[in-house]
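> Pasting a structure below so you can have a look.
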Amino acid sequence: MTWRPTRRSVAAWATYDLANTVFALGVGGLYFAEWVVDTNEWRDRDLALAIDAAMIAVIILAPWLGARSDHRGTRRPYLIGATLVAVSATFFLASPGVGVSLALFSLALVGFHVGSFFYDALLVDVSTEENRGRISGLGVGIGYIGSFIAVGVGRLLIDDHGHAVVFRTLAVLFLIFALPAFFFLKERPRPRRPGNPPSVRQALSQVQKSWRAAGNYEGLVPFLIGRFFYSDAINTMIGGFLTVFALEEVGFTLSELEIVLAYGILASIAGGIGGGRLTERIGPRRTLHLALYLWMAAWIFGLLAAALDAKSLGTTLVVMGGLALGATWSADRTYMARISPPEHFAEFYGLYATVGRFATILGPLLWALIADVAGLGRMTAMGALFIFLVVARVVLARVDDSPRDWASTT
């Protein structure tokens, strides 16, 4: 029997993207990084270490929890658990000192990224092959409404009530917008596997086997390598370092940056929805390539903005980056689904997620080594990440997105 997702299930899935983005921009991308830097006692590398510690935990946990969810035949309970971890840790940010808050931020990132792993994997439960690009783009587009909400909360509360109240409010909103997915998102029927669920060691061993198995499918390994490089650059920027760069190098005030981000969010919504439709028209490969070219142009404008002390060019960076961001994630998820065999989708999606997490370790570490340890500054760190975008585009030239005949591979 053909699986047909309900509209309520699709809406619940898309609304979770909104919840996710409240955290991603409000906590991970904007206010926590600004709060840490504003203390004047902590440096870029401290934020980088907090992010890297979280990503190491995610690299271990995501394959294990993914394997357990495959064993149980369900993913939604893991989405719920991870979300509650993120919400709880976020609620207490900025209440204790900076050191404890950095530890809480790491814990919140673990919950956020593990939840994102299960959320992305649930795309196949709320879409069909025919509308997957559109549904993915819908999630991205609706998700970025959460960015408006996050910025609005900050502008309303931060001056009069401080960062701690902002983080508590964002945590509550994260939970509220996640609730529809908790109750209304319906999964495809999957049988529970016999025997005991896999251990952490077995799950990590399975990751190694999955990498070897991925080599049997055309384009899959080069795609994952390319994804590593562009995710490294993108996730580093949206994970807090764009805020640091804009405030410290371009010269934006926090109030100015909030306004500029509002334009970037509008561009992200357009990029997500437009990218989803473009993916269905010209395919995920060409859409992703266009997004990478947009990223490269945005990066150049950002470097020029800092070099020339031109805030208008900084605004261009944010708007172009917003367009590129929405289109990237719309095409990215659909691309992975296109080149992965259906019977191994969950397994290979674990690789897809793991690659993104490794990238999120290397980017902040590279930034800290260049900007702080080597003393070469943030401009050089930005330039190094630009090279990663170029490498990604070169690697992805080897991957095509033509429909596969999976029946002949089974």
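The values are calculated or read from the model by the stated rules, or taken from the named source; none is laboratory data. Every value quoted in this text rests on a predicted model; they were computed, and no experiment measured them. Here the Cβ positions follow ideal geometry from the backbone for every residue, glycine too, while neighbour counts run over all protein chains shown.
> Under 7 Å by Cβ, and 6 or more places apart or on different chains, what pairs join a residue from region 205-226 that is within 10 Å of F348 (Cβ to Cβ) with one that is of a type in the set (S, T, N, Q)?
Within 7 Å, the pairs are L220/S340.
> Looking at T15, is it surrounded by fewer than 24 Cβ atoms within 10 Å (Cβ to Cβ), of a type outside the set (K, R) and over 27 Å from F348 (Cβ atoms)?
For T15, the condition - surrounded by fewer than 24 Cβ atoms within 10 Å (Cβ to Cβ), of a type outside the set (K, R) and over 27 Å from F348 (Cβ atoms) - is not met.
> Touching a residue at least 24 places away in the same chain (Cβ under 8 Å), surrounded by fewer than 20 Cβ atoms within 10 Å (Cβ to Cβ), over 17 Å from the mean Cα position of the chain (by Cα) and closer than 16 Å to G239 by Cβ: is that true of V37 in this structure?
So V37 passes the test.
Rundown of residues vs (1) without any contact (Cβ under 8 Å) to a residue 60 or more places away in the chain; (2) out of contact with any Pro (no Cβ under 6 Å at 6 or more places or on another chain); (3) under 30 Å from W211 (Cβ atoms), yes/no style:
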{"position": "G275", "(1), (2), (3)": "no, yes, yes"}
{"position": "R281", "(1), (2), (3)": "yes, yes, no"}
{"position": "R285", "(1), (2), (3)": "no, yes, yes"}
{"position": "W295", "(1), (2), (3)": "no, yes, yes"}
{"position": "A307", "(1), (2), (3)": "no, yes, no"}
{"position": "T328", "(1), (2), (3)": "no, yes, yes"}
{"position": "A337", "(1), (2), (3)": "no, yes, yes"}
{"position": "S340", "(1), (2), (3)": "no, yes, yes"}
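> Can you find a residue that is of a type in the set (D, E) and surrounded by fewer than 19 Cβ atoms within 10 Å (Cβ to Cβ) anywhere in region 107-124?
No, the conditions are met nowhere in region 107-124.
> Assess whether L47 counts as being under 22 Å from A368 (Cβ atoms) and either over 17 Å from the mean Cα position of the chain (by Cα) or not hydrophobic (A, V, I, L, M, F, W, C) (or both).
yes
> Still on this structure: With respect to I273, is the statement that it is crowded, with 19+ Cβ neighbours inside 10 Å and modelled with pLDDT of 85 or more true?
Criteria not met by I273.
> Any residue in region 124-152 that is under 22 Å from R75 (Cα atoms) and in contact (Cβ under 8 Å) with a residue 12 or more places away in the chain sitting within a Cβ distance under 6 Å of a residue that is of a type in the set (K, R) and assigned to a helix (DSSP H, G or I)? List the pairs, counting only those 6 or more apart or interchain.
Close Cβ pairs satisfying both conditions: S136/R333.
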